[in-house]
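Just below is one structure, and these are the notes that go with it.
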Amino acid sequence: ASCEACGRGMAAADVLPGLPPSPSLSRSGSSSRLTSQQAADWLTRVKRDALSLRFAPAAVCADRDVVLTATRQNVRAFEYAAEDLRLDVEFALVVLRQSPKGIRHIAEELWRVPEFALAAVRLTRPALRFVSAELWSSRSFVSEAVKQTRHALAYAARELRSDRGLVLRAVSHGGLALEHAEPSLRADREVCLVAAKQNVKALQHVSMELRGDSDFIRSVALRRRRALEYASKPLQKDRTFVRSIVQEKARALEYADEELQADPEIVLAAVLQDSAALLYAADELREDRDFILSIVKKQGMALEFADEDLQADPEVVLAAVEQNRDALMYAADELWSDGKFILAMVQQQGLALQYADEHLRLDPKFVLSAVQQNSRAFMYVAEELRGDRDFIRAAAVQNSVALMYATEELRGDRDMVSVAVQQNTNALKYAVDSIRSDRAFVLAAIKKDAHALEHAADELRGDREFVLQAVREDPRALEFALKDLRADRDFVLRAVRERGPAIAHAADELRSDRELMLAAVMQDGCTLRCLGGQFRNNRDIVFAALSQNGLALQHSSWVLRSDRDCVAAAMRQNPDALEFAAVELQSDKDFVLAAVRRSTRVLLYARKEMRADRDFIIAAVKLNSQALMYAAPELRADREVVLAAMSSSGRGIIYASKELQADLEVVHAAVRCQGRALQHVSRALRADHAVVLTAVQAEGTALEFAAPALKENREVVEAAVKQNPQALAYATERFRADRRVVTLAVSKQGQALRHAAASLRGDREVVLAALRQDCKALMYATEAMQDDEGVREYFRSVSHSEKVAAHEAYYAEARRARAEAEERDSEEPMRDSEDASPGSAFRRAVNSVRRATSSQREELVQRLEAGEAP
């Protein structure tokens with residue numbers, strides 16, 4: 001039927017696909033739209049009486065504004081709206097949001113539309129009752145509905161409530177949805193565990209069999225202590241089980257059986273984990289003096305939850321405070337009027353010493369325990385103890401303030417003052433003048449802390465050599481020199497040449513002296529941070545600082561941090577200096593790219609968007625494949641970028657994505673450039689014959705990373721050994737015992753014999769082949785072969801000829817070098833440089849021959865004999 005009320009030739013089935021055709025929506029037979037005046041009149045009318053819509057013409061019932069205004073007044077008016085409006089999903093949802101009570105007036109057809117039904121359920125839970133039975137039989141609909149509310153499962157078809165996957169999804173969003181699952185699933189361990197972890201109250205719907213399963217309840221209780229509340233009665237009474245729970249979740253004791261709440265061992269296990277667990281213990285235990293005393297000795301803060309009478313028990317309180325001094329806040333007020341208690345408390349809380357009797361304040365052990373607790377307790381120490389050497393020494397070891405309260409005689413005792421100063425150099429200010437003037441004593445204190453100079457005698461603080469010596473130990477020492485010395489330019493210059501940061505403590509009038517600032521930064525570049533703004537913007541001073549420490553850039557002015565030359569100088573000393581460069585330089589591709597040649601670490605401090613710039617990263621990795629490490633993840637997965645990195649070094653494959661590490665083309669490029677890059681490719685490609693063959697041809701020792709099957713392949717092994725005879729070390733026992741492979745290896749490098757099988761290290765032909773290449777290979781032959789007369793004779797002849805060849809090459813090169821030098825001297829004036837002298841040329845020739853290996857020497861002799869210049 002056409003929607004005449006809207007004036008459109010559109011079927012209701014077109015409005016909501018899947019709905020059956022609706023009857024005609026025309027009520028008055030008119031298909032005309034409302035004029036503005038008519039709409040205004042009807043809006044006024046429905047505001048007064050929303051239900052007047054029932055007598056309205058079809059055009060009025062199809063007007064959205066009129067219908068919305070009417071339903072806002074009385075949601076029943078929605079029944080009289082035009083059919084196309086009642087079947088409009090979006091319009092119906094607007095009405096529903098406006099008045100959730102209008103749910104009963106929604107067209108029945110809409111409750112068969114999944115999108116509408118889900119949106120309605122999201123708006124109001126009662127919508128669940130109106131959803132069609134067909135949708136409650138749809139797994140996809142129910143799967144989405146349970147995300148909105150756990151109650152959706154209650155309306156699902158029975159077969160869906162027994163669908164394990166669907167129920168799992170439901171309980172993962174709302175654990176209590178388990179209530180509506182079929183009994184078989186309420187006995188399913190995984191389903192119930194997911195539900196209980198989402199909402200521990202779901203355990204009340206779990207089967208009794210699982211609620212009596214100790215492993216199941218424990219797995220939930222370790223996350224939700226309340227799980228014990230829903231455990232079966234036998235489990236709540238199981239002593240071993242409950243103890244294991246409260247040791248992890250102490251407050252679960254609240255849900256244990258009453259008998260176990262009165263069990264001292266169970267309660268103790270819980271309280272040791274959390275003192276608040278005592279709150280859930282049986283009253284008789286909380287009132288049991290012996291039990292509480294044993295508890296507070298191990299967990300002092302449990303005093304808070306003990307019976308009030310026990311909080312007023314001196315012994316119990318003292319035991320609690322001894323374990324944790326903060327427990328004192330839970331002691332009863334009446335205890336502070338108990339003299340014995342105060343005496344005992346002094347040993348725990350030092351300031352309580354002021355309340356002690358005179359005879360106690362004369363007891364060294366008693367007073368020492370008080371001052372160890374609080375240094376301010378020294379104020380209440382008796383005069384007799386202040387002159388007691390043993391007492392003051394013992395106290396000074398704990399706190400240097402003890403020296404302040406000692407007698408003058410003890411403050412002049414060198415050993416006594418030394419003990420105090422070792423504890424805190426500020427104790428020097430309490431020593432007598434003779435000690436504060438002792439150069440050796442004060443210097444030793446300065447080595448520990450420069451502040452010691454502050455308390456030295458003025459004669460030392462004004463002594464040039466002494467203060468200079470102190471500055472060498474710690475540049476901060478200049479801060480405590482006399483004012484005249486800190487204002488002496490010559491002295492300060494000497495000081496900053498020893499330790500640059502000392503400039504921070506020079507007199508203010510010297511802080512503008514350019515020469516001093518320059519000397520300071522040349523000694524320590526980071527001294528730049530101590531200089532004024534004008535010097536941190538001075539190119540000469542900043543460049544001097546950067547040449548000593550590139551990281552000093554962070555202390556230069558913003559202007560110089562934007563200066564290309566300045567930042568480049570800093571990065572030459574330390575590439576990490578880019579971190580402190582201006583943003584525009586960190587974003588300058590050409591500048592950063594030039595720095596990449598020195599170190600790829602600069603990319604760490606480049607702008608994030610630059611590391612995601614494809615063209616820039618390609619250029620960077622071509623310079624250094626390590627740059628790939630700092631590229632954005634999407635570029636490390638870009639084939640072209642990774643291939644560009646492989647062109648400079650195969651090692652860059654380490655930083656490629658996992659997918660490209662398994663890409664045949666990329667891997668070929670990597671191992672072709674650097675064979676040992678094979679170790680970073682996927683396991684599957686390490687078993688690829690072509691890839692491994694390429695790798696070992698580039699770098700023989702890449703055989704180490706080949707799959708075991710390819711280490712058994714003759715072609716691969718021979719290619720590896722041919723490229724690097726030492727690759728024989730990674731071949732299988734089969735090839736290390738293969739005469740052909742081993743001969744190939746030792747003929748190129750005699751010492752590869754060390755990797756051959758024992759049988760071949762005892763083979764005369766193989767050993768002789770190795771000796772022909774390197775006579776030192778004999779050390780790897782078997783003892784029998786080393787003792788073989790023929791081999792020994794050959795060894796002597798080979799080693800002798802090698803020595804002769806080496807000597808001939810040595811002297812031939814030396815004669816040639818000398819002749820060239822003399823000829824050059826005759827043509828050019830003598831230079832002052834040592835490198836141009838005949839003697840140095842001769843020495844270079846000699847050293848080059850000395851460094852040559854035996855094979856190089858043989859080649860050198862052959863070239864000399866042929867008249868070629870080496």
| said: Any residue at all in the stretch 254-266 that's of a type in the set (Phe, Trp, Tyr) and closer than 28 Å to Arg169 by Cβ? | reply: no
| task | Inspect all residues belonging to the stretch 74-89 and state whether any of them is more than 22 Å from Trp111 (Cβ to Cβ), assigned to a helix (DSSP H, G or I) and open to solvent by 10 Å² or more (accessible area, probe 1.4 Å). | result | no
| Can you list the helices (runs of 4 or more DSSP H) found entirely within the stretch 706-748 that contain at least 2 residues being over 20 Å from Ala770 (Cβ atoms) and open to solvent by less than 50 Å² (accessible area, probe 1.4 Å)? | 714-723
| field | First in the stretch 479-493 and surrounded by 19 or more Cβ atoms within 10 Å (Cβ to Cβ), second anywhere and in a loop (DSSP other than H, G, I, E, B), Cβ under 7 Å, 6 or more apart | value | Leu485/Gly462; Arg486/Ala506; Arg486/Ala507; Val492/Ala506
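Would you check if there is a residue in the stretch 119-135 being open to solvent by 40 Å² or more (accessible area, probe 1.4 Å) and closer than 29 Å to Phe216 by Cβ?
No, every residue in the stretch 119-135 fails to be open to solvent by 40 Å² or more (accessible area, probe 1.4 Å) and closer than 29 Å to Phe216 by Cβ.
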| query | From the list Val641, Val692, which one is surrounded by 22 or more Cβ atoms within 10 Å (Cβ to Cβ) and under 34 Å from the mean Cα position of the chain (by Cα)? | reply | Val641
| Any chance Thr782 is of a type outside the set (A, V, I, L, M), open to solvent by less than 60 Å² (accessible area, probe 1.4 Å) and at pLDDT 90 or above | no
| task | Might you let me know whether the stretch 52-64 holds any residue that is modelled with pLDDT of 85 or more, acidic (Asp, Glu), buried (at least 19 other Cβ atoms within 10 Å of the Cβ) and in contact with a helix residue (DSSP H, G or I) (Cβ under 7 Å, 6 or more places away or on another chain)? | result | yes
| query | Would you pick out the residues in the stretch 136-175 that are surrounded by fewer than 16 Cβ atoms within 10 Å (Cβ to Cβ) and part of a loop (DSSP other than H, G, I, E, B)? | reply | Ser137, Ser162
| Output for the stretch 494-510, where each listed residue is among the small types (Gly, Ala, Ser) and either in contact with a Cys (Cβ under 7 Å, 6 or more places away or on another chain) or open to solvent by 40 Å² or more (accessible area, probe 1.4 Å) (or both) | Ala504
| query | Considering the stretch 769-779 alone, what residues qualify as being surrounded by fewer than 19 Cβ atoms within 10 Å (Cβ to Cβ) and either in contact with a helix residue (DSSP H, G or I) (Cβ under 7 Å, 6 or more places away or on another chain) or not aliphatic (A, V, I, L, M) (or both)? | reply | Arg772, Lys776
| said: Take Glu408 and tell me if it is touching a residue at least 12 places away in the same chain (Cβ under 8 Å), of a type in the set (Asp, Glu), open to solvent by 10 Å² or more (accessible area, probe 1.4 Å) and over 22 Å from Glu358 (Cα atoms). | reply: yes
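Checking the conditions here, which among Glu179, Glu209 is outside any loop (DSSP other than H, G, I, E, B) and free of Cβ contacts under 8 Å to residues at least 24 places away in the same chain?
After ruling out the rest, the residue left standing is Glu209.
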| message | I need every pair where a residue in the stretch 588-607 that is among the hydrophobic types (A, V, I, L, M, F, W, C) has its Cβ under 7 Å from the Cβ of a residue that is open to solvent by 20 Å² or more (accessible area, probe 1.4 Å) and not in a loop (DSSP other than H, G, I, E, B), sequence separation at least 6 or different chains. | response | Phe591/Arg564; Leu593/Ala619; Ala595/Pro575; Val596/Leu623; Val602/Pro575; Leu603/Arg611; Leu603/Tyr630; Leu604/Tyr630
| field | Scan of the stretch 243-258 for residues that are over 22 Å from Val296 (Cα atoms) and either open to solvent by 70 Å² or more (accessible area, probe 1.4 Å) or of a type in the set (A, V, I, L, M) (or both), ordered by number | value | Ala256, Glu258
| Restricting the search to the stretch 254-280, which residues are in a helix (DSSP H, G or I), within 16 Å of Glu304 (Cβ to Cβ) and not polar (S, T, N, Q)? | Val267, Ala270, Val271, Leu272, Ala276, Ala277, Leu278, Leu279, Tyr280
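The values are calculated or read from the model by the stated rules, or taken from the named source; none is laboratory data. All of these numbers come straight from a predicted model, not from anything done at the bench. Cβ atoms come from the backbone with ideal geometry, glycine included; neighbour counts cover every protein chain shown. Protein only, heavy atoms only, side chains kept; ligands, DNA and RNA dropped before computing areas. Shrake-Rupley method; radii C 1.70, N 1.55, O 1.52, S 1.80 Å.
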